[in-house]
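*Asks:* I'd like to ask some things about the structure below.
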Amino acid sequence: MEGFKSSALGRVTVYSIQGCPHCVQAKATLRSLGIPVCEVDVGLHSELRVKLKELTGRSTVPQIFFNSVHVGGNDDLQKLATEELQRLVTLVKEEPLSANAPPLPESNPFEAPDGEIDGQLRGERDEFADLVEDLKHAGVIGTQRRGLTLYKNSFSGVQLVDWLQTKEGMAAELSLLLRELILKLFSEHLSADGKCVDYKGMSVDPAFERYCELAIQLQRVELLSLSREEKLAFFINIYNALVIHGYLRLGAPTNMWQRYKFFNYVSYLIGGEVFTLQDIENGVLRGNRKGIAQLRKPFSKTDPRLQVALPDAEPLIHFALNCGAKGCPPIKTYTPQDIDSQLLTAAEAFLENDDACMVDSGKNEVCLSQIFKWYKADFGGTDEKLLKWVLDHMGDSPKKTSLQDVLSAGKTKVSFLPYDWSSNSAH
């Protein structure tokens with residue numbers, strides 16, 4: 001949680017997640033108002049996701065409350081009329097929190113009982129705190145020497161992987177750690193308005209060098225023993241981390257040819273085999289299906305990587321590998337224990353966005369993201385099956401009711417919205 005000293009009686013509560021540009025932009029706007037802002041990271045406090053959905057009817061973040069008044073997401077905040085925004089600011093300054101104020105996480109060992117010290121809301125326990133303590137107790141963290149320089153409280157990638165191999169789910173642990181490390185780096189180099197990333201600054205950050213050393217250890221992962229859930233979480237996390245790693249090394253692709261090369265050549269050596277972004281998405285996660293502009297399947301019948309591929313395409317992966325344009329799903333890193341419900345949440349969050357799904361009752365038309373056009377085979381192969389899939393995966397909302405009405409009327413027209421390929425690079 002975050003906040004600052006203020007004489008205000010109430011607070012603004014922002015439910016957000018690390019690495020979400022929409023959340024960053026919303027918080028920058030709110031801090032300029034001179035009122036207490038309390039941030040709750042639902043990535044760390046997954047127990048609040050259900051409550052948040054009950055309160056707002058939405059699955060995306062950020063979700064913003066002025067005292068107990070729900071404003072909505074970042075887009076809703078930015079569109080507020082000046083008079084309405086001032087009314088909400090006055091509410092926070094002059095009215096105390098009511099009993100039905102939006103919930104905060106349970107206090108952690110580093111917080112005072114009332115959640116404040118000297119009038120300032122304290123920070124949350126770092127998401128790596130438990131891991132670091134475990135590493136120290138295991139004797140992994142110690143002192144490392146490089147040349148003439150001595151680094152305290154550090155460890156080598158090999159040491160870490162040796163430790164991971166003593167624990168169950170070494171692949172899952174490693175993919176989680178890599179994803180969290182690159183996400184933390186990404187967040188630290190995201191601009192104050194959340195609109196662009198300083199990839200150049202990120203690439204020379206010492207933490208990126210440590211990430212690269214750890215990524216090398218992926219070659220030691222045993223893939224054949226992974227369950228379906230472990231494969232899903234592992235390869236989704238690795239894919240999302242590899243995209244950022246690729247941007248840092250090669251820059252973000254700016255045209256169709258560069259995108260083709262990027263997704264077909266940016267790769268990691270995992271378990272002794274090379275996996276490109278295309279191999280991970282279309283080979284492993286889509287059950288070895290041809291991707292966009294691909295003439296053949298990623299893996300031949302004799303390719304050893306075929307043994308790792310899922311038996312069938314998993315359509316939900318498309319929403320874990322992509323972020324909605326006006327709001328992010330409240331999950332950035334996926335875990336084998338909860339992967340199916342996490343993927344359902346990501347799909348529901350994606351479909352909330354009007355850039356992903358729009359329903360025009362007057363024209364009896366449904367406009368969908370290009371993702372549904374490119375991968376229509378994964379969603380049933382026909383417009384009718386595609387629309388049924390979309391309806392089944394939407395959260396209860398006016399949009400879902402409109403879609404049900406349009407489908408009941410029959411002869412629904414399906415069109416596809418343009419896809420925004422623009423880069424978020426600061427350079």
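Readers should treat all values here as calculations from the given coordinates under stated rules, not as data from a laboratory. Values in this document were obtained by computation on a predicted structure and should not be read as measured data. No Cβ is skipped: glycine too gets one built from the backbone with ideal geometry, and neighbour counts run over all protein chains shown.
*Asks:* Looking at Ser187, Val243, Tyr265, which one has the Cα that reaches farthest to the positive end of the dipole of segment 156-314 (charges on Cβ: Lys, Arg +1; Asp, Glu -1)?
*Replies:* My answer, from the dipole projection, is Tyr265.
*Asks:* Assuming a ≥ b ≥ c are the square roots of the Cα gyration tensor eigenvalues, decide whether segment 281-359 counts as rounded (a/c under 1.5), prolate (otherwise, with a/b larger than b/c) or oblate.
*Replies:* On the way: a/c = 3.18, a/b = 1.69, b/c = 1.88.
Note, shape of segment 281-359 comes out oblate.
*Asks:* Which of Lys332, Lys200 has the fewest other C-beta atoms within 10 Å, and how do the rest follow up to the most? Don't skip to the answer; put the middle values down first.
*Replies:* Numbers: Lys332 23, Lys200 13.
By the 10 Å Cβ count, ascending: Lys200, Lys332.
*Asks:* If packing is taken as the average number of other Cβ atoms within 10 Å across a peptide's residues, how do 231-240, 92-101 rank, most packed first? Walk me through the intermediate numbers first.
*Replies:* On the way: 231-240: 26.0, 92-101: 12.7.
Ranking, from highest mean packing down: 231-240, 92-101.
*Asks:* With a 10 Å Cβ neighbour count serving as the proxy for reagent exposure, in which order, fewest first, do Val14, Val71 appear?
*Replies:* Details: Val14 25, Val71 22.
By the 10 Å Cβ count, ascending: Val71, Val14.
*Asks:* Same structure, new question: Could you run the Karplus curve 6.51 cos²θ - 1.76 cosθ + 1.60 with θ = phi - 60° over segment 387-403 and give me ³J(HN,Hα) per residue in whole Hz, x for Gly and Pro?
*Replies:* In residue order, the calculated couplings are 5, 5, 5, 4, 4, 5, 10, 8, x, 4, 6, x, 5, 5, 4, 4, 5 Hz.
*Asks:* Let a ≥ b ≥ c be the square roots of the eigenvalues of the Cα gyration tensor of segment 156-314; is it rounded (a/c under 1.5), or, if not, prolate (a/b larger than b/c) or oblate?
*Replies:* Numbers: a/c = 2.04, a/b = 1.14, b/c = 1.78.
Cα axes put segment 156-314 in the oblate bin.
*Asks:* So, one more: Tell me the relative contact order for segment 317-427 as a rounded percent, counting alpha carbon contacts under 8 Å between residues six or more apart. Walk me through the intermediate numbers first.
*Replies:* Working: 121 pairs, mean separation 29.7, N = 111.
RCO, segment 317-427: 27 percent.
*Asks:* Rounded to whole Å, give me the distance from the Cα center of segment 277-295 to that of segment 299-369.
*Replies:* 15 Å
*Asks:* Assuming a ≥ b ≥ c are the square roots of the Cα gyration tensor eigenvalues, decide whether segment 39-106 counts as rounded (a/c under 1.5), prolate (otherwise, with a/b larger than b/c) or oblate.
*Replies:* oblate
*Asks:* Given the pairs Lys301/Lys388; Lys261/Lys297; Lys184/Lys231; Lys53/Lys399; Lys301/Lys376, which are separated by over 26 angstrom at their Cα positions? All intermediate terms of the calculation are to be shown ahead of the outcome.
*Replies:* On the way: Lys301/Lys388 33 Å; Lys261/Lys297 17 Å; Lys184/Lys231 23 Å; Lys53/Lys399 16 Å; Lys301/Lys376 24 Å.
Over 26 Å apart, Cα to Cα: Lys301/Lys388.
*Asks:* Just rank Glu222, Glu180, fewest to most, by other beta-carbon atoms within 10 angstrom.
*Replies:* Numbers: Glu222 11, Glu180 20.
Ascending Cβ contact count within 10 Å gives the list Glu222, Glu180.
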